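All remarks here apply to the structure that follows.
The values are calculated or read from the model by the stated rules, or taken from the named source; none is laboratory data. Owing to the predicted nature of the structure, the values given are computational and were not obtained by experimental measurement. Here Cβ is always computed from backbone atoms with ideal geometry, including for glycine, and neighbour counts include all displayed protein chains. Please note that ligands, DNA and RNA were not included when accessible areas were found on the heavy atoms of the full protein model with its side chains. Shrake-Rupley method; radii C 1.70, N 1.55, O 1.52, S 1.80 Å.
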Amino acid sequence: MEIYRKFLKINKTAQRIVLFGISPWNKLKPWPSILRTEDSVQAKADTMSGSIPFYQKHHRHYDRGYRSRETESAISQYQQSSSSYSSRSSKSTQGVCLIKQWILTDMCMFLHDCSIRAATYTALDEGGIRPLPTRANPTYLAMDKENQIIGYVVPIFRGSREFESGLSDTEEARAKESAGYLARRDLFTSGMELERTEHKSRRTVMRESAERISLSKRIHENEEYHKRLNEDSLMHTPEFVIKPRSHTVWEKQCVRLHCTITGWPEPRVVWYKNNVSIDPMAHPGKYKLESSYNVHSLEINRCDFDDTAQYRVSAMNSKGENAAYASVVVKMPCLEYGVTFETHIVEKFGVAFGREGETLSFGCNVIIYPSLQRFQPEIEWYRDDKLLVPSKWMQTHWSGDRATLTLTHLNKEDEGLYTLRVITKSGFETHSAYVFVRDCDGEVEGAPGAPLDVQCQEANKDYIIVTWKQPAVDGGSHILGYFVDRCEVGTTHWSQCNDTPVKFARFPVTGLVEGRSYTFRVRAVNKAGMSHPSRVSEPVAAMDPADRARKGTSAPWTGQIIVTEEEPVEGVVPGRPCDLSVIEATKNYVVLSWKPPGEKGHEGVMYYVEKCVSGTDTWQRVNTEIPVKSPRFALFDLAEGKSYCFRVRCCNSAGVGEPSEPTEATTVGDKLDIPSAPGRVVPTRNTDTSVVVSWEASRNAKELVGYYIESSVTGSNAWEPCNNKPVKGTRFICHGLTTGETYVFRVRAVNAAGISDFSQESEAIEVKAAIANGIERAEGGGQGGHPSSLNEGKQCKRGNVGSPEPTHKREPEIAKPAENWSSESCTPDCIEMEPGTGSADNRKCSLNSSVEPETAEEHERGRRGSASPAPPYGITVLESVRDSMVLAWKQPTFIGGADITGYFIDYREVIGGVPGKWHEANIKSISDRAYRVSDLKENMLYQFQLRAANMAGVGIPSQPSDVFRCEEWTIAVPGPPHDLQIQEVRRDALVLLWKPPVYQGRDAVNGYYVDIKEADADFEMWRGFNEKATEKRHMKIKDLKEGESYVFRVRAQNKAGVGKASDTTEPVKAVTKPGTSEIVVDVDDDGVISLNFQCSELTPDSKFIWSKNYEEMSDSDRMTMDTKGNKSKATFKTPSEEDLGIYSCVVTHTDGVSASYTITEEGLKDLLKISHEHKFPIIPLKSELAVELLEKGRVRFWLHAEKISANGKVEYVFNDNMISQGESSSSYRRKSEFQRKEWHRKQGPHFVEYLSYEVTPECCVRLKCKVGNMKKDSVALWYKDGREIKVNEKLDFSEGVLTLEIAQISKKDAGVYEVVVKDDRGKDTSTLNLTDQGFKDLMNQVFSVIANSSTQLKIQSTEEGIRLYTFVSYYNDELHVTWHHKDAAIAFTDRIKSGVVGEQLWLQISEPTEKDKGKYAIEFFDGKGGLRRTVELAGQGLQPSQREALNLTCNISGDPMPEVTWLKNEREMVSDDHYILKFESGKFASFTITSVNTSDSGKYSILVKNKYGTESGDFTCLVDVLFPHVVFSPPHCTSLHPESCIRDGDVILSPEPSTRLNGHQL
């Protein structure tokens, strides 16, 4: 034992010497290698220690300076005895030298000694007999698998622990272990003073421990020293070595979240709860934060339900930030033990009225039983079915028993139906009421109301389209238009965007700064003044959509976005854009959209947009300066009424690509028309202060925004708006009316184009409560209120009690109208509910969506006489995608005696063959027998069940369907058709109808096949009825065997093939039932054609449904339907070929009573012939028309017919004129006198054609007339204003035409012209009045001839600039001419003038600029449409390609030889490859542009000078951006020094220098 103690002492000393290379008392600093060895040794020691957490034993980040308090005690005792111990410390330093001396010579001796000693120890252990098992003595020899000695193990001691042995794997470790043995051997044999440690005291043990701690401290300090020497290489962002773990605890338990974080510099750690930092001082005793040696923890004491949240721990230093998350869920035991909450809403808010700018607050008290202190319900507010989010315009508050909503600064956008929903774990309860917002008083009396709902759309870097809705109040006069204002975010300055008001409720705002954010508002204006501005829009950034999608960031307050360009990788010319189309066209702008090209290289592409007037080939680039980056562009400044084509080119650094395919011709103009006036308006009594107003929707209204309703007290003609926000339905409840007063109502429709005319006024109605106390209670309002207002006090149960249904999936159902549904219809005995299958009360309240209006008594009587329907059956899947499935089913066999109003669907998951709980797929009933169930999980198995509902209630559920998998269908062929129906069953034929498949496959369905077989035949007996596919969705099945039962199915096909067959129909027996009648065609006595059908099996609920080609039709412009008793008649209004087809009639609530009639082309002709005979019958006569002379010269005409009815009408005709009954003979006397005079006039010379005028192409006015019955001595005399005119004209008796020509007519030629022809037989006179209006008409015809004679506009270069001109055949001073530039009249200035020289009309543009480019027109006024001549000032003459050259040449003379300088835009030019400048022989100066492009446009000058003076010549060159047309203004000479012009040797510049383009003289 003594030897063992000595060995331990030696072992520990050797360990310190070998591993550290120094004595524990030496003051030298350790080596870097010693630091790494110490780390490994310390790690082994830490593994043996049990004082550190288990999860930190194997992590290098653990701080080894962290120890127990025993270490602190040992250090303090060591400091007290360090002085006495230091004197003996020097003796141990001799071991270092001995190691170097004996490390190689004694290695073998050491191994041999160790092996003998190990064998001795082993023999003693095996030979000893001990009563109790003891721990095996440790061995210090390292052996391999074959028990061969390979080294010596150095034990490591720590405190009172014994030791730990390990096996080294490297040669360096083995050498160190051997050196340790030699040191121990030397000290053991020569150091006798070590033996005095046999009886060590506790103080010595503590001293040794303190030495080790001191040494570790020095090592740690050395590490920190080296870290500070190179901090940059060690610094790194915080990292989570151990992240916090989520916990689920019970209420009142404690929970602790802890994590381990590394990082340099040391990170700062902050804990958050739901993104809100946790402050322990704000909640004393609740939270406890601890941080020690990179271990951070958060402790939450006595958790409650409010502690359920997501917790985040964030670590941050100078290198970055990192975060980790953990969730804490606190369960309340009471909810797990079947507690059911009952919710009651009391003291409800009612219909409220507010005014713009005011603050409105309303709410309800909520009672929840049982009341749990820790439980709070979820409160949600909705407006018009949309969930409200707190903002600066609205705030919500929940005090624990009252829910309040506050609307600050009311605006018309705040008007609507507000719904409060209180959600608990057991369900939800709701209450709704309407809030009306009136316009505030205008600043000017009679001004309109403010617009509303301002929104920004199609935002781009250079424009934003602003839309809004028109106000309901126009102030008594029509709104002239709207002004749009903008304000940059971060400023308060508003600027007006449009100079003139716009009438269309959509306006593109331009001139924005790219990257800035803006808000907008709109003001309305009428003749009285301006309205208040609307509520401002949401901020929107003016930037390219492509940049917005790629960057998605904005500056803090200005909204400026920093855009960077990517470096191109490879230059590839992009391809053609595709799918170019016009997506929007108005008279102000056109919006284009296209798709990027497939080939565009590795860099982004930009686009150039080009336009072309339809019918021409001249393409003009629109965005010449900056190409756009997004595949969408808006074009402005287009001529209204003109047609344009558009195309797009792509470009990048490699060049410009080929253009896309041009669009179809698009005419610039508003495509959206103002909607037509709504139809009939029907008011219905509701409450003491409200009336329900219904109306017929506007016909063919496009993009309808809604309707405005107005009311007026009968006789007052003072109309007030009932709503200030458009409603989209055709039914509205008008509140705030005076009880007992009589009102009339009218409606008008609204869309972006404007507001329609008012509908016809409704019938007057007195405001008082209806029999059933109103369709809604007082708190209801608007478009039908909320279903909960009809079922107050009833708890809306849910199938899944665990959690409320997500509101975003049921938003459309929370506030749907519940019309005409009595509260008694929601009694519990109406529905049999399976436990956990869904909400019974919700579904009962939604059945009324298809119930026709009726009185309370009729409804109750019908309900009591009916029963709920049987369950549907035959549930199939028509289509399946990843998250939804379309179901179809068959109608119940028993409908309960009343029409089925809808169906309800439940679904449940099937996991591992075990079905789950039922969930509702729809809350509001659906009328069709097909429905898409959404929000399903992909690849999950589902079952479905259905219920049918009628006015008696909801029936029992059907049997669960087969198990269907929700997965994406990828088959190419179409799905099965559905809803097969059979009509017109006869003994040998019937009609089969079906609906197309929901799943179309890869291609559209192009036909159907019908299969048939006997009902009792085997499956193999199916046979096709039609060999060729039919495109119709109905077919008449013929050649059936009487009395045989048949079944049918239908298959659809597309290009890929024939799809799956539909479900089989029920068996149908081919038999004609007794009493079956057919449709009869009748033509009545008035020739009216009608189809008539009679049913003998009619029931009180039966209805006649007429169809054309088996598609239901109602009253239309072609037919009218009328039903009386058991007969129904469909009458044609104006029969024509449009009425050809199959007409059928089905009677509901019967045993399949139906019939059809086909009107063919031949049959229609026969019917029209019969109709004409009935309208215009031929009455046979017994005698012809006879004349009888009576006394006093009277005459009687009479005839005798065989048969004529009392309604017969007789008409008398005299000289092709109808004689009315009782007409006096004086009129016939006057007519007879006129005819007598005409006979006498025609006996002599007379006018066959009276005097008229015509204008010749030479603009001469020719008066002409034609005479007849002339002879040689007949004369013709002309007169003007009573004075004879001498005419050198001889009568041409062969033609008989007299003419008088007036050349260069003017105002002095106005007057009354008369011509007289006479001879001995008589005379005749003709007069033509050419004064006032007559002369104006004549001059307008002259102006029309002048306009038509004008030549096309031409362009001429003059000394002053550019002249546009046209020639006419004759110019008249009265001719009114207008010049236009870009479709706007030109305002003439000193620079732009117009005039007339002879027959030339010209427009002079001096010093033309870029702004002068464009389309010019001259318009001649002729009193009608006028005539225009146009020209494009974008290039005339030659049209060179982009690679042609331009050459300018000047002849120069002067002595001495002048110096020549060429200038471009006042800057001196230098000759290069593009601009070649030459001066040859001292006389010829030339300037050549080798390749003309758009950048060559500008002002060019030549400057020549010598010592006697200077001369210059200027040229203006304009190159068009599409095709480089070159336009030059003529050169002019400018003498800089006029006094030198008379000297000898002056420079002479040719006044007309030659200008050549590719050898062509310009």
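Summary of values
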| item | result |
| --- | --- |
| Long-range HN-HN contacts of G481 with modeled amide H, under 5 Å | V525 |
| Heavy-atom accessible surface of the range 1451-1516: percent carbon and sulfur, 1.4 Å | 47 |
| Largest to smallest accessible area among C966, C578 [probe 1.4 Å] | C578, C966 |
| Projected label distance in nm at E599 and R932, using a 7 Å step from Cα toward the beta-carbon | 3.9 |
| Gain in span if fully extended, T500 to T1064, counting 0.36 nm per residue against the direct Cα distance | 196.4 nm |
| The range 677-729: relative contact order in percent, alpha carbon pairs under 8 Å with at least 6 residues between | 27 |
| GluC sites (Glu not before Pro) within the range 438-482, DSSP loop, no more than 15 other Cβ atoms inside 10 Å | E443, E445 |
| Cα centroid separation, the range 1116-1143 to the range 299-324 (Å) | 76 |
| Percent carbon-and-sulfur accessible area, the range 434-494, ignoring ligands, DNA and RNA, probe 1.4 Å | 46 |
| Largest-first ellipsoid semi-axes for the range 210-291, taking √(5λ) over the Cα gyration tensor eigenvalues, angstrom | 35, 18, 13 |
| Which of I1170, I464, I367, I1142 is most accessible, then next, and so on - probe 1.4 Å | I367, I1170, I1142, I464 |
| Exposure ranking of I674, I465 by accessible area [1.4 Å probe, largest first] | I674, I465 |
| With all protein chains modelled, accessible area of S399 [1.4 Å, Å²] | 70 |
| Projected area, mean over directions - the range 996-1124, Cα convex hull, nm² | 12.1 |
| Paired Rg and Dmax values of the range 597-731, which use every Cα atom, in angstrom | 25.5, 77 |
| Whole-Å distance, taken between Cα centres, linking the range 707-733 and the range 946-983 | 43 |
| Gap separating the Cα centres of the range 339-392 and the range 399-475, nearest whole Å | 18 |
| Computed label-point distance, nm, for sites S1453 and T1430 using a 7 Å Cα→Cβ extension | 4.9 |
| Cβ-Cβ FRET estimate between F1234 and S1077, R0 fixed at 60 Å, reported to 0.05 | 0.40 |
| Nonlocal amide H pairs with R402, under 5 Å, H built at 1.01 Å | V366 |
| Set K995/K1038; K461/K1499; K702/K1127; K1478/K1507; K1393/K1499; K1415/K1464 screened for pairs whose C-alpha atoms are more than 31 Å apart | K461/K1499; K702/K1127 |
| Nonlocal amide H pairs with G896, under 5 Å, H built at 1.01 Å | A870 |
| For the range 408-488, the Rg and Dmax computed from alpha carbons only, in angstrom | 18.4, 56 |
| The range 219-364: translational diffusion in µm²/s, Stokes-Einstein, Kirkwood Rh over Cα pairs, 37 °C, 0.692 mPa s | 171 |
| Estimated dipole of the range 675-736 in Debye, rounded to 20 [Cβ of Lys and Arg +1, of Asp and Glu -1, Cα centre] | 240 |
| Chain lengthening between F636 and A1303 when straightened (0.36 nm per residue, less Cα-Cα) | 235.3 nm |
| Inter-label distance for A309 and E358, nm, one decimal - labels placed 7 Å from Cα along Cα-to-Cβ | 3.9 |
| Cleavage-rule hits, trypsin sites (Lys or Arg not before Pro), the range 1245-1282, DSSP coil, Cβ neighbours within 10 Å at most 14 | K1271, K1272 |
| Restricting the range 304-408 to GluC sites (Glu not before Pro) in coil, as DSSP defines it, with at most 16 other Cβ within 10 Å | E347, E358 |
| V329 accessible area, 1.4 Å probe, all protein chains in place, Å² to nearest 10 | 60 |
| Average accessible area per residue (Å²) across the range 1042-1091 - probe 1.4 Å, nucleic acids and ligands excluded | 51 |
| Per-residue SASA entry for Y1250, accessible area with 1.4 Å probe, Å² rounded to 10 | 120 |
| Charge dipole (debye, nearest 20) of the range 1293-1409; +1 at Cβ of Lys and Arg, -1 at Cβ of Asp and Glu | 260 |
